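Here, each number is a calculation from the coordinates, and none is a lab measurement. In this text the structure is predicted, and so the values were computed from the model without any measurement. Neighbour counts are summed over all protein chains in view; Cβ atoms, including those assigned to glycine, are modelled from backbone coordinates with ideal geometry.
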Amino acid sequence: MDFESKSMRRNRATRSATNYFVSGLCILATILVILPLLAILFYLIYKGASSLNLAFFTHVPAPVGETGGGMANSIVGSGIILFLASLMGIPIGIAAGVYLAEFGRGKTLANAVRFTADVLNGVPSIVMGISIYSLIVVQQKHFSALAGGVALAVMMVPTITRTTEEMLATVPHAIREAALGLGVPKWRTAISVSLRTASPGIITGCMLAFARVAGETAPLLFTAFGNQFWSFNLSQPIAALPLQIYVYAISPYDEWHRLAWAGSLVLIVLIMVSVTLVRIFANRGALKGGS
Amino acid sequence: MGVGILVEDLNAWYGTTHTLQDINLHIPANHATALIGPSGCGKSTFVRCLNRMHETNPIARATGVVKMGEIDIYNDASPVEIRRRVGMVFQRPNPFPTMSIYDNVVSGLKLNGFRNRRILDETVERSLKQAALWEEVKDDLKKKSGASLSGGQQQRMCIARALAVDPEVLLMDEPASALDPVSTSKIEDLIFQLKSQYTIVIVTHNMQQAARVAENTGFFLNGKMVEFDSTHKIFTNPRDKRTEDYITGRFG
Amino acid sequence: MSSTRMTPERETSSPLPVPTPVSPPAAFADMAPAVASTTLSPIRDYLSKRGSGRLADDSFAAVMLICACSIFAIVLFIFGILIMHSRLSLAQFGWKFFTTQAWDPVSGDFGALPFIYGTLATSLLALCMAVPLALGVAIFLTELCPRPLRAPISFLTELLAAIPSVVYGLWAVFVLVPLMRDVIGPFLSKTLGWTGFFDGPNFGVGLLTASMILAIMILPIISSLTRDIMTAVPNSQREAVLALGATRWEMIRVGVLRNSRIGIVGAVMLGLGRALGETMAVTMVIGNHPDISKSLFAPGYTLASVIANEFSEATGDLYLSALIEIGLALFLVTIVVNAIARLMVWAVTRNAPARVI
């Protein structure tokens with residue numbers, strides 16, 4: 001028995017073909033997306049690893065025309081700026097996250113904070129850079145490590161706030177009740193029970209925020225500014241790895257291009273390690289408390 | 001030693017839902033009192049009003065008078081102070097997952113800033129013994145996480161945690177409903193042992209449990225307390241038709 | 001504190017009313033209440049002396065609230081400071097600033113039109129390239145991908161989001177630019193030259209190269225958000241369509257895409273927000289020349305890249321003020337785009353956990 005008319009059969013064939021065609025397109029898209037990633041990683045390792053040597057980690061940049069030299073001052077400078085940024089950004093971010101998760105449930109103000117944090121996350125980093133320039137550098141009359149730290153701190157806050165909130169939301173309510181039921185004040189419950197239980201997630205969230213600002217160049221252009229020499233003075237211009245990569249990448253010298261690749265490899269390894277840790281944590285799933 | 005609890009005209013709301021209506025009740029000291037009733041009848045809300053846990057939910061509120069001993073808990077003290085005098089055991093075991101068994105048991109002391117090591121050690125031993133868990137865990141008090149115990153052990157640890165603060169009243173909100181029969185009977189034995197020293201209020205939907213452990217029983221229905229009397233009387237000769245319907249299994 | 005103290009209270013209070021008078025059980029009557037324990041245990045003694053903690057609680061809540069409000073403060077502060085520092089240019093040019101083409105630091109005549117054009121052209125072109133690919137990846141990952149491949153592929157696309165802008169720029173300068181100059185560019189001008197979009201000399205740097213690197217950079221954002229949104233579509237929707245005899249693609253089109261279209265538009269707008277403000281990689285490959293040219297091979301300039309490139313050498317208050325006004329415009333546009341996008345994404349994934357990346 002044939003229940004299908006000719007046109008129905010043709011229709012079915014078309015539909016089936018469309019199905020395969022679209023599936024094929026999706027697979028192709030995925031390949032096209034992964035391709036540049038692999039290409040970038042390949043170039044980084046190929047060009048970067050061959051240029052990495054001990055001098056890279058121990059020397060300051062060599063003057064133009066001389067070979068050798070390294071980015072030791074940039075690595076340390078990035079470290080200093082990031083330390084400053086973390087010092088300011090992490091406590092504020094975590095505290096704001098604690099407010100959202102522990103005090104602001106269902107409040108209009110909390111929703112507004114959450115929304116503003118998400119929107120702030122999308123503000124271009126170059127805009128952060130010129131705002132901090134206008135605030136600090138203009139006042140101090142010179143570029144400084146401190147200004148760079150503030151710019152990165154401002155960028156860390158919204159990310160950390162949202163991660164902290166998400167992570168605190170995975171802490172079962174029953175555990176908070178257990179503490180409150182024992183007569184533990186709310187502040188102590190928030191710190192010693194909620195935050196402590198969610199701490200692995202919050203720490204990885206902070207590392208993620210750290211890794212993201214570690215690669216930021218635009219906010220440092222007019223704040224930390226960069227420096228060819230060692231500097232440990234917080235009110236002076238300071239070198240930073242992404243800044244140095246930028247300067248070297250757009251320079252006309254092969255020797256500097258080589259160093260830019262090496263610097264990028266170092267930067268990316270730092271970032272990938274953090275992101276992978278985050279991923280491993282996320283795969284382990286939400287924290288299980290109670291049962 | 002426990003204190004008695006006097007409840008007068010207690011009303012409670014969740015948002016606009018009137019979950020408790022005009023509850024009047026005297027819970028005698030150093031006895032177990034069971035509260036029974038179908039789910040959603042307000043019995044859990046009632047015990048949460050007794051240590052002001054009810055108000056941790058921002059949309060919840062309560063009016064009326066609850067006196068614990070000579071203290072009017074809604075006027076004479078802060079929620080935190082009341083909760084320190086009242087131990088609470090929840091429906092599902094809720095150990096602190098990041099703490100060892102030891103730290104779990106004395107968490108009510110440590111998180112309130114109590115630092116005397118000797119007394120902490122003594123308290124852990126005393127309360128775990130009271131909760132009949134000492135023999136099972138004494139060797140890995142600090143090694144094992146509280147969350148690594150079995151469900152029944154966790155619940156007994158939670159009872160030990162509630163007893164560690166030396167409370168006068170112990171509130172138990174369906175403490176055995178998430179446990180297997182063996183663990184349930186252990187918890188019931190425990191209540192039987194403890195009721196001479198503490199005023200125990202136990203919420204249960206299991207009528208046999210109420211009959212086994214409590215001297216007095218209150219029956220709740222739709223936010224009202226229908227009947228409160230000695231357990232024997234409630235189960236043999238209830239005054240109210242609705243109580244009779246409930247205990248004979250005609251609804252709920 | 002024993003039940004003896006309860007008794008007088010009970011007598012003075014009005015007799016307990018409804019539902020039934022409490023009859024104390026026999027056990028209660030002969031219970032030995034008597035001596036209130038005169039010595040409190042050390043624990044009870046300690047806890048009863050401990051204060052209500054109300055002050056600590058209130059101050060803690062206040063500090064948390066202040067930190068939360070600092071997020072408002074940051075946004076307001078950026079807005080305020082940008083307005084303050086761009087007032088010279090705001091007063092001088094007014095709205096004309098956004099409609100004139102002049103960019104002449106020497107004579108002090110500034111107009112942002114070329115940068116607006118460059119920003120819109122690169123961002124929209126990047127969206128045209130990235131959106132179909134991102135949708136493809138999201139569909140592949142949620143609907144088609146074999147389970148064991150799902151985690152590694154989504155991990156790889158998320159790694160793409162973690163690469164710093166300057167590294168993309170470096171790669172683009174040394175890999176994408178030569179590729180564009182020697183392979184892609186000639187091919188395009190040969191096949192599509194008649195459209196007029198691929199005229200003029202091709203140096204490898206220009207609008208098209210910038211759009212391509214932008215597309216690569218915004219892809220992971222759009223695809224991971226789209227994936228979340230598609231995952232949030234309940235399976236019952238899929239099953240309902242499949243039960244009607246639909247093919248897998250029809251199921252995706254009717255059951256999944258139609259239900260998540262608002263969220264997908266939101267995800268695309270978030271990608272747009274990112275593209276509008278992207279600075280380093282674009283600055284490195286766009287050519288940095290304030291021209292409005294139909295050819296995609298021509299060098300251009302974006303709002304973000306003109307700030308990055310000229311800010312530190314801007315001499316004169318008006319020049320600096322004009323650059324800050326460009327920053328202000330960028331800030332406002334990205335705020336609006338992001339706000340709309342977030343609302344759209346929230347509308348769909350309200351109950352699903354948000355992502356950080």
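Amide H contacts of residue C:109 (H built 1.01 Å from N, in plane; Pro and chain starts excluded): C:104 sit under 5 Å, all sequence-distant by 5 or more or on other chains. Using a 10 Å cut-off around each Cβ, can you sort C:159, C:88 from fewest to most neighbouring Cβ atoms? The most exposed by this proxy come first: C:88, C:159.
With the convex hull drawn around the C-alpha atoms of the stretch C:113-349, the volume per residue stands at 137 Å³. The distance separating the Cα centre of the stretch C:189-231 from that of the stretch C:299-343 comes to 22 Å. Please state, as a whole number in µm²/s, the translational diffusion coefficient that the Stokes-Einstein equation yields for the stretch C:240-343 at 10 °C and 1.306 mPa s, with Rh defined as the Kirkwood radius across alpha carbon pairs. Rounded to a whole number, D works out at 95 µm²/s.
Of the DSSP H helices in chain C, those that are both long (alpha-carbon extent of 30 Å or more along the helix axis) and hydrophobic (Kyte-Doolittle mean at least 0.5) are C:54-85, C:113-139, C:207-231, C:317-349.
Largest first and in whole Å, what are the equivalent-ellipsoid semi-axes of the protein assembly as shown based on the Cα gyration tensor, each being the root of 5 times an eigenvalue? Kindly include the intermediate steps, with their values, before the conclusion.
Working: eigenvalues 825, 217, 123 Å².
Its equivalent ellipsoid spans semi-axes of 64, 33, 25 Å.
Relative protection proxy for A:160-171, C:43-54, B:17-28, from highest mean packing down: A:160-171, B:17-28, C:43-54 (other beta-carbon atoms within 10 angstrom).
A straight Cα-to-Cα reach below 22 Å connects residue A:141 with none of the lysines, residues fewer than 8 places away in its own chain not being considered.
Counting only Cα atoms, the stretch A:72-282 measures 66, 39, 28 Å along its principal axes, largest extent leading. Taking a straight line from the alpha carbon of residue B:233, these aspartates and glutamates sit under 14 Å away, with near neighbours fewer than eight places off in the same chain left out: B:215, B:244. A straight Cα-to-Cα reach below 13 Å connects residue A:47 with the aspartates and glutamates A:254, A:255, residues fewer than 8 places away in its own chain not being considered. For residue C:296, the amide hydrogen comes within under 5 Å of the amide hydrogens of C:198, C:199, counting only partners 5 or more places away or on other chains and with H modelled in the peptide plane. Cross-linked pairs B:186/B:224; B:195/C:49; A:107/A:186; B:186/C:49: Cα-Cα separations exceed 28 Å for B:186/B:224; B:186/C:49.
Applying 1/(1 + (r/R0)^6) with r as the Cβ-Cβ distance of residue A:272 and residue C:101 and R0 = 45 angstrom yields a FRET efficiency of 0.55. Phi-derived couplings, Karplus 6.51 cos²θ - 1.76 cosθ + 1.60 at θ = phi - 60°, listed residue by residue for the stretch B:213-230: 10, 10, 6, 10, 9, x, 10, 9, 8, 6, x, 10, 8, 6, 7, 9, 6, 5 Hz, with x used for Gly and Pro.
Roughly how many whole Å is it from the C-alpha centroid of the stretch A:140-183 to that of the stretch B:1-43? The two parts, judged by their Cα centres, are 40 Å apart. Counting only DSSP H runs of at least 4 residues, each contributing -39500 (n - 2.57), and dividing by the residue count of chain B, the helix-based mean residue ellipticity at 222 nm comes to -9500 deg cm²/dmol. Using the alpha-carbon atoms, what tilt in degrees (0 to 90, nearest 10) does helix B:151-164 show relative to the longest principal axis of chain B? Around 90 degrees separate the two axes. Annotation: the antiparallel percentage among DSSP beta bridges lying fully within the protein assembly as shown is about 60.
Compute the length gained on full extension between residue A:27 and residue A:280: take 0.36 nm times their separation in residues and subtract their Cα-Cα distance, giving the result in nm to one decimal.
88.5 nm
Using a cutoff of 8 angstrom between alpha carbon atoms and counting only pairs six or more residues apart, the relative contact order for the stretch C:113-349 works out to 31 percent. Each helix, a run of at least 4 DSSP H residues, gives -39500 (n - 2.57); summed and divided by the residues of chain C, these come to -20000 deg cm²/dmol at 222 nm.
Sorting A:132-145, C:186-199, A:40-53 by their mean Cβ neighbour count within 10 Å, with the most densely packed peptide first, gives A:132-145, A:40-53, C:186-199.
Counting other C-beta atoms within 10 Å, which of C:241, B:105, A:150 has the fewest, and how do the rest follow? Don't skip to the answer; put the middle values down first.
Values: C:241 20, B:105 32, A:150 23.
Placing the least packed residue first, the sequence is C:241, A:150, B:105.
Please list log₁₀ I(q)/I(0) at q = 0.22, 0.24 Å⁻¹ for the stretch B:174-252, using the Debye equation with identical point scatterers on the alpha-carbon positions. Log10 of I(q)/I(0), two decimals: -1.07, -1.19.
Please give the FRET efficiency for residue C:59 paired with residue A:39, using the beta carbon to beta carbon distance and R0 = 60 Å, rounded to the nearest 0.05.
Working: r = 54 Å, r/R0 = 0.90.
The calculated FRET efficiency here is 0.65.
Can you give me the orientation-averaged projected area of the convex hull built on the Cα atoms of the stretch A:1-92, in nm²?
Numbers: hull surface 57.9 nm².
Its Cα hull, projected and averaged over all orientations, spans 14.5 nm².
Each residue in B:134, C:95 was given a count of other beta-carbon atoms within 10 angstrom of its own, and listing them fewest first yields C:95, B:134. A straight line joining the Cα centroids of the stretch A:216-282 and the stretch C:44-64 runs 46 Å.
Taking every eigenvalue of the Cα gyration tensor of the stretch B:111-252, multiplying by 5 and rooting it, what semi-axes result, largest first, whole Å?
Largest first, the stretch B:111-252 gives 34, 16, 12 Å.
Contact order normalised by length for the stretch A:72-282, with contacts defined as Cα pairs under 8 Å and 6 or more residues apart; what percent is it?
On the way: 297 pairs, mean separation 62.2, N = 211.
That works out to 29 percent.
Contact order for the stretch B:15-121, expressed relative to its length and based on alpha carbon pairs under 8 Å spaced 6+ residues apart, stands at 16 percent.
Helix-derived [θ] at 222 nm for chain A: sum -39500 (n - 2.57) over DSSP H runs of at least 4, divide by residue count, nearest 500? Could you put the intermediate results ahead of the total?
Numbers: 11 runs with 189 residues, N = 291.
Only helices count here, giving -22000 deg cm²/dmol.
Given R₀ = 22 Å, FRET efficiency for residue B:180-residue B:135 by Cβ-Cβ distance, to 0.05?
Details: r = 19 Å, r/R0 = 0.88.
The value I calculate is 0.70.
Projecting label points 7 angstrom from Cα along Cα→Cβ for residue A:51 and residue B:232 puts them 9.3 nm apart.
Note that the stretch A:194-208 has calculated 3J(HN,Hα) couplings of 5, 5, 5, 5, 8, 4, x, x, 5, 4, 5, x, 5, 5, 5 Hz, one per residue in order, obtained from phi through the Karplus relation 6.51 cos²θ - 1.76 cosθ + 1.60 (θ = phi - 60°); glycine and proline are x. A simple spin-label model places the labels of residue C:332 and residue B:241 7.4 nm from each other, with each point 7 Å out along Cα-to-Cβ. Taking a quarter of the surface of the Cα convex hull of the stretch B:50-124 gives a mean projected area of 6.7 nm². Phi angles across the stretch A:80-87 convert, under the Karplus curve 6.51 cos²θ - 1.76 cosθ + 1.60 with θ = phi - 60°, into 3J(HN,Hα) values of 5, 4, 5, 4, 4, 4, 5, 4 Hz, Gly and Pro given as x. Under a 5 Å amide H cut-off, with hydrogens placed 1.01 Å from N, residue B:220 pairs with B:36, B:37, B:226 among residues at least 5 apart or on other chains.
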